[in-house]
Structures are given as structure tokens and as C-alpha cells.
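Asks: Sharing a structure here in C-alpha cells format.
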Amino acid sequence: MDKLIQDWDGEYVVCRFDHETKTMMFIAIHSTALGVGTGGTRLKTYSHPREALRDAMRLAEGMTYKFALIDVPRGGGKAVLSVPDGFDPARRERLMLRFGRWLADLNGLFETGPDLGTSSADMALIARHYSGVFGLPADAGGAGSPGPETALGVFCGIQASCEHHFGTPDLDGRRVLVQGAGSVGESLIHRLLEAGCDVKFSDTDPERVEEIRQKLDLPFVEPEAVYSEACDVFSPCATGGILNAETIPQLACPIVAGAANNQLDRLEHGEALHKRGILYAPDYVINAGGAIFLPAVEGSGWSVDKARERIRGIGDTLREIFSRSKQMGISPARAAEQLAKEKVGARRNDVN
Ligand code: NAD
């Protein structure tokens, strides 16, 4: 793991082993140039602690760029709770409480919210010991799940992507394939249907598939068939790493624009998409709705309307990235990274 840390350009890695639940807890803070390290807490089983740390570092870096590009004065961080295989759900409450106590001991180094594997209910447990928590349940004074707000940003990002590619943001009649009909995906599907899109969906959870079919009567695409399914917009809203050497050659769409974090298996896959003429909306930009909403409404006392107006601005940020990509002849993934690094770098220079 030393090499992983040595090769990283982040600021802090903090680690603690929870003996009772055999959970390795990592916090990675990539940059505090723009503000306090902030990001979700992910709970997952990994094959090795190294993989958990790698995930925390990569996701923390994404948070730095996300906050920089949406002009939210926060730094990039991420926590990963690497639970053992077969983790006993009965131990969850104790784990969250001890994680909260640890965060309090770290004196505000990191502020957090829900992520993959954690929920608003977990945040309420963490908040018993630590106040730097977002995404609390509504009955605990919080804004609840950020999924629908993230979906609003993705929807505006799809409009901006269509405008860039087709010359109009009008989505009426566009064929959109949503991979993953969870908290973000389902909310996005509703918005797309309202806008007149021809929507198909995919999910690996049979119960979820049945629920969506019953509620919305939408065409379903088998999970292994999504990449080669012809559509105007492919919207990944499930897991990361799905844009890779195996899937990119199969894609039968001109646009990839969805909520999932770390969609590119590696940064060079952004170049591979660009070479294939597929417009990619960088994930940490298009999925920033929740990251805008929770700190603004819960932390800074913004009204819901003001926060949503800001989320709609994700479309403009993407327009700027696409136009930079076109002008400089580089991929949107590269253009987004450059722009974010300029913003963080400028602030670092201010501070020094
Ligand atoms: P979720 O767990 O509510 O939903 C994910 C859905 O994807 C589930 O229904 C699951 O069954 C399905 N799924 C998993 N693997 C799949 C696969 N291979 N093919 C098809 N379906 C699959 O999660 P969510 O909160 O909707 O988040 C979705 C993605 O967006 C995640 O990558 C998350 O990190 C990212 N994201 C979420 C938010 C948010 O506000 N919730 C914010 C930013 C980014």
C-alpha cells in the first residue's frame, strides 16, 4: 500500500481498524485548497484493503474536481468502510456509531454524507457523535436522499449533451437507455418520460426490474446486452468501471451521460470514447446534483429552489467543457480534468 500512497497527489490518508466488526476504515482527503474535505461514506466488501484504499483515493480526487467545477467551496474527500464478506447487519449500528466517534476525534478533517452502501439512517447514527454530516433523514432535520436532486443534474446534463451533439436540447423522441433504476435512475426515468423520451432500462435486481415494469411498463434490456443496444443516450446509473476496453467497442450510441461514479475504468478510456466519436459527459460533473444540494440546503441554509437553480447550472458547466474539448481537440474527460485542476491550482496559488 505504500506505493499507492506515494504515487498519490492527495493530502491525507487516515486509517483505522475496527476490531469488533473487522472493518478497515479509510478516509482519503485529496485536496483542501477550496475548503474542508467532503465526500460520501461508502460501505462495501473489497477483495483486499488495498482496493478499498484505492477506491477512497480515486473517489476523493473526483470530489475535488466535482466541487471545483460546480464552484462549491469544499475540498475533495471520501470515506470507505471495508466490511468483511458476510458482514452481520446487526453490527451495523455499532459500526456507524464508532465511525462517528472517530470522525469527531479527527476534529473536522472530513465531512460526509451517504454513498454506495450507506443511507440517511446511517448518517443519523454518525451524527450522534459528529455534526459534519449531510443527508440526514427528513425527520432528523435533513434533506433526505439526494438521488432525485442528482437525477435533476443528470437530466440537465443530458439536455446539454444532446444540444452539443444534435444541435438541440429538446429531448422529445430521444431514445435513452438507463442502466440501473435505483434512487437516481428511477427519478431520472420519470423526468425523461415527462420530456417525451423513448426510455428503456436495465437492472440486475429482479425485484427492482419487476417494480419498474409494473409501475412504468418500460421495455427492459438484459444487463449483458446494454452496451450494444442502439440508443441516442446511454445513461449509466449503476456501478463504476463500466466504460472499458471490452464495452467501448460495443457501444451503439453517440452520447454517454449518466450518474454512476468512476464510469471510466481508467482515464484513457475517455480518449477511447473520444476517438470513437462518442460524446462523454464526465461523471463527476453531471452527477454533482446531490453534492450541490445537501451542503447548500442543510449546511448553508439555501432554499430548495435556489439549490435546484444551481443544479440546473450543471448543463452550462458541461457546455463549457464540451466547447473547450472541441477547441483544444481533447476529450471531454481531459477537458474537465484540466479545467478543475486550473480552478484548484489557482486557489492553491492564492493560499501560498
Ligand atoms: P442505488 O443503489 O439506489 O441504485 C443502483 C441500481 O443499479 C440498483 O437498482 C441496482 O440493482 C442496479 N445495478 C447494479 N449493478 C447493475 C448493473 N451491472 N446493471 C444494471 N443495474 C445494476 O444507487 P443510486 O444512489 O441510484 O446511485 C447510482 C450511481 O450513481 C452510483 O454509482 C452512485 O455512486 C452514483 N451517484 C449517486 C448519487 C446519489 O445522489 N445517489 C450521487 C452521485 C453519484
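Asks: In what order, largest first, do 341, 3 sit by accessible area if the probe radius is 1.4 Å?
Replies: Result, largest first: 3, 341.
Asks: Quick check: with the 1.4 Å probe, what order do 208, 58 take by accessible area, largest first?
Replies: Most to least solvent-accessible, the answer reads 58, 208.
Asks: Same structure again: Is the shape of region 158-249 best called rounded, prolate or oblate, per the rule: a/c under 1.5 gives rounded, else a/b larger than b/c gives prolate, else oblate, with a ≥ b ≥ c the square roots of the Cα gyration tensor eigenvalues?
Replies: Oblate shape, in that a/c is at least 1.5 and b/c is the bigger or equal ratio.
Asks: Which residue fluctuates the most in the chain, going by a Gaussian network model with Cα springs under 10 Å, if the choices are 307, 33, 140?
Replies: 140
Asks: Something else now. Would you work out the charge dipole size for region 11-117 about its Cα centre, treating the Cβ of every Lys and Arg as +1 and the Cβ of every Asp and Glu as -1, and quote it to the nearest 20 debye?
Replies: 140
Asks: Ordered by packing density, taken as the mean number of other Cβ atoms within 10 Å over each peptide's residues, highest first, how do 99-106, 273-280, 285-292 rank?
Replies: 285-292, 99-106, 273-280
Asks: Just read off the accessible area of residue 227 with the full protein assembly in place, 1.4 Å probe, to the nearest 10 Å².
Replies: 30
Asks: Which residue, 281, 259, 143, has the most motion in a Gaussian network model of the chain that connects Cα atoms within less than 10 Å?
Replies: Of the options given, 143 has the highest mean-square fluctuation.
Asks: Something else now. Going 7 Å from the Cα of residue 312 in the Cα-to-Cβ direction, what parts of region 153-181 have a backbone nitrogen less than 17 Å from that spot?
Replies: Within reach of a label on residue 312: 153-161, 163, 169-171.
Asks: So, one more: Cα gyration tensor of region 37-132, axes a ≥ b ≥ c as square roots of the eigenvalues: rounded (a/c below 1.5), prolate (a/b > b/c) or oblate?
Replies: oblate
Asks: Determine Rg/Rh for the chain; Rg is computed over alpha-carbon atoms and Rh is the Kirkwood hydrodynamic estimate from the same atoms.
Replies: Dividing the radius of gyration by the Kirkwood radius yields 0.95.
Asks: Could you sort 7-20, 158-171 so that the peptide with the highest average Cβ count within 10 Å comes first and the rest follow in order?
Replies: Top to bottom by mean Cβ count within 10 Å: 158-171, 7-20.
Asks: Sorted by accessible area with a 1.4 angstrom probe, largest first, how do 78, 306 fall?
Replies: 306, 78
Asks: With the crude spin-label approximation of a point 7 Å out along Cα→Cβ, what separation in nm comes out for residue 51 versus residue 224?
Replies: Taking the simple label geometry, residue 51 and residue 224 are separated by 2.1 nm.
The values are calculated or read from the model by the stated rules, or taken from the named source; none is laboratory data. Keep in mind the model is a prediction, meaning the values are calculated, not measured. Heads up, the Cβs are rebuilt from the backbone with ideal geometry, glycines too, and the neighbour counts pull from every protein chain shown. Protein only, heavy atoms only, side chains kept; ligands, DNA and RNA dropped before computing areas. Shrake-Rupley method; radii C 1.70, N 1.55, O 1.52, S 1.80 Å.
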